[in-house]
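For reference, the structure is listed below as structure tokens.
The values are calculated or read from the model by the stated rules, or taken from the named source; none is laboratory data. Bear in mind that the values here come from a model prediction, so they are computed numbers and not experimental data. Glycine gets a Cβ as well: all are built from the backbone with ideal geometry, and neighbour counts include every protein chain shown. Please note that ligands, DNA and RNA were not included when accessible areas were found on the heavy atoms of the full protein model with its side chains. Shrake-Rupley method; radii C 1.70, N 1.55, O 1.52, S 1.80 Å.
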Amino acid sequence: MRWFLRLVFVLLISCAPRFGDFARAGAFMQPVGGWQIIQTLRFTGSATGFGADGRITPLPLYQKYELQTYLEYGLTDWLTLIAQPTLSRIFADGNPWGLALGITSVEAGARAKIAQFNDIVFSAQATAKIPTARDRTNPALFGNTGEEFDFRLLAGKPFELAGFTGFVDAQSGSRLRRDGPPDEIRLDLTIGFRPLPRLTFLAQSFNIIAPSAGQPGFPAMRQHKIQGSLVWDLSQSVSLQSGLFTTIASRKARREQGFVSGFWYRF
């Protein structure tokens, strides 16, 4: 019954609006004075993981609900400011078990346009993530009590295929992590395709690679996730999104699955 209620809760939240002008997402810049607010709910569940040989093994239950408010503001035509606080409920089973509830982190930074060739945009982004929950003895916060600094290069291009529109957004960079976990390489890819005037399908790949181990308890690892979402535009500034994600391959990391939904608004 608890799982059913959680599923209903996630599906209800997915009926919130989402911003539909994807030409302003990813590598693209916000217009001067323009705001974008993205309210996202994400549920992640995991009871298995991938070992060193890539085989699936059982692990203690892990569940995480995240409510993120992502904000962008176009300061100039080449600079967009970014901020994102995260409210979380995290449960980690085991001996001992852990529970965390509240605002767990705040991330902020900026994205700057580097160059544009025809309709291809290149930009660079830097953000700092500051944890507000720092109890290292809480298993629910394991590996997430230190500062993180993310630097990445982005490229975006809209396209038209057989009369339909879409876009491609590619990102690569590194995330420097403190308080134990190893530094990571991040490789993300998003393809958006609009089969109907108001409907967009998003196919996304998120990849994390930590080639070297961190402090004891934090091995070298890698994790590869895919996510699919459907987005329905209510207007030029408001849309609905609902999607699913899963881990398709990994080494020394959890196998995570879950739901994502959100409210995107631009003004």
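Here are a few things to note about the model shown:
- Of all residues in the range 29-56, those satisfying the criterion of being over 26 Å from Pro219 (Cα atoms), among the hydrophobic types (A, V, I, L, M, F, W, C) and either open to solvent by 20 Å² or more (accessible area, probe 1.4 Å) or part of a strand (DSSP E or B) (or both) are Val32, Trp35, Ile37, Ile38, Leu41.
- Tallying residues that are open to solvent by 30 Å² or more (accessible area, probe 1.4 Å) and part of a strand (DSSP E or B) within the range 129-139 yields 2.
- Condition broken by Thr145, with the remaining ones in (1) part of a strand (DSSP E or B); (2) open to solvent by less than 70 Å² (accessible area, probe 1.4 Å) satisfied: (1)
- Entry remark, the range 250-267: residues being under 18 Å from Thr57 (Cα atoms), among the polar types (S, T, N, Q) and open to solvent by less than 30 Å² (accessible area, probe 1.4 Å) number 1 in total.
- Residue in the range 151-184 that is farthest from Ala115 (Cα to Cα), counting only those that are open to solvent by less than 20 Å² (accessible area, probe 1.4 Å) and outside any strand (DSSP E or B): Gly180
- Among residues of the range 223-249 being among the hydrophobic types (A, V, I, L, M, F, W, C) and over 18 Å from Trp264 (Cα atoms), the one that is surrounded by the fewest Cβ atoms within 10 Å (Cβ to Cβ) is Ile248.
- Among the residues listed as Gln241, Gln171, the single one being on the phi < 0 side of the Ramachandran plot and out of contact with any Phe, Trp or Tyr (no Cβ under 8 Å at 6 or more places or on another chain): Gln171
- All positions within the range 87-98 that are crowded, with 16+ Cβ neighbours inside 10 Å and either among the small types (Gly, Ala, Ser) or closer than 26 Å to Pro31 by Cβ (or both): Ser88, Ala92, Gly98
- Taken over the range 57-93, the criterion of being among the aromatic types (Phe, Trp, Tyr), in a strand (DSSP E or B) and farther than 18 Å from Thr247 by Cα is satisfied by Tyr70, Tyr73, Phe91.
- Only one of Leu67, Leu75, Leu101 that is free of Cβ contacts under 8 Å to residues at least 24 places away in the same chain, open to solvent by 40 Å² or more (accessible area, probe 1.4 Å) and either over 14 Å from the mean Cα position of the chain (by Cα) or closer than 23 Å to Gln125 by Cβ (or both): Leu101
- Among residues of the range 80-98, those that are over 21 Å from the mean Cα position of the chain (by Cα) and touching a residue at least 12 places away in the same chain (Cβ under 8 Å), counted: 5
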